[in-house]
Amino acid sequence: MTTRDAPDVSDDLPLEAPFEWFERWFDAVESLDIDYPNAVSLSTVTDEGRPRSRTVLLKSYDRDGFVFYTNYESDKGRELLATEQAAMLFYWRSLGRQIRIEGAIERVDPEQSDEYFASRPRGSQIGAWASDQSRSLESRDVLEDRLESYREKFEGESVPRPDHWGGIRLIPDRFLFWTEGEYRLHNRWRLE
């Protein structure tokens, strides 16, 4: 039996339990040997109403929402903070499943951002200082020089979290669960 043939892990859950559905599906994906089961497409909208999508990594979730981390001054960060709305799409081909989540966004508490930042590899911490995400550079050398400058600046000490970097929480108000069906007759459940 392939994972696509596996019974729906949410058969015994009521439609009023979207977080429980998510947890069961996410646990099933994490039990598989696949790269980045927490990869999720994040969609935002620009000031001009132009949609944009990119992949981020889900770092935590609970009943309060779904958390990822970013540079608040990047295109993504500015769009999120300006519209205060976003959508996520998880797609797990090996299970024939996807989940779309829509809702409002908010910054996570600075303490939570500090805690996560401290858990990152040192190189990633320094990279958060060196990279002006979404801004053009004259050359890659400029970025490498900035990285070296921050390595020197923080040598021998802990790297503090930059003010422009931290967590974003998507607070869901709509879930759409999807399973692949034979002959493209897919199954969908909208939970709000």
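Throughout, read-outs are computed from the coordinates displayed, never taken from laboratory work. All values derive from a computational prediction rather than experimental measurement. Backbone-built Cβ (ideal geometry, glycine too); neighbour counts: all protein chains shown.
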> What are the residues in the stretch 30-55 that are surrounded by fewer than 17 Cβ atoms within 10 Å (Cβ to Cβ) and of a type in the set (A, V, I, L, M), if any?
Replying inline: Leu32, Ile34, Ala39, Val45
>> Would you confirm whether or not the stretch 47-56 contains a residue that is in contact with a strand residue (DSSP E or B) (Cβ under 8 Å, 6 or more places away or on another chain) and part of a loop (DSSP other than H, G, I, E, B)?
In response: no
> Ala82 passes all but one of (1) surrounded by fewer than 16 Cβ atoms within 10 Å (Cβ to Cβ); (2) in contact with a helix residue (DSSP H, G or I) (Cβ under 7 Å, 6 or more places away or on another chain); which number fails?
Replying inline: (2)
>> For the stretch 57-79, give me each residue that is more than 12 Å from the chain's Cα centre (by Cα), assigned to a strand (DSSP E or B) and surrounded by 14 or more Cβ atoms within 10 Å (Cβ to Cβ).
In response: Asn71
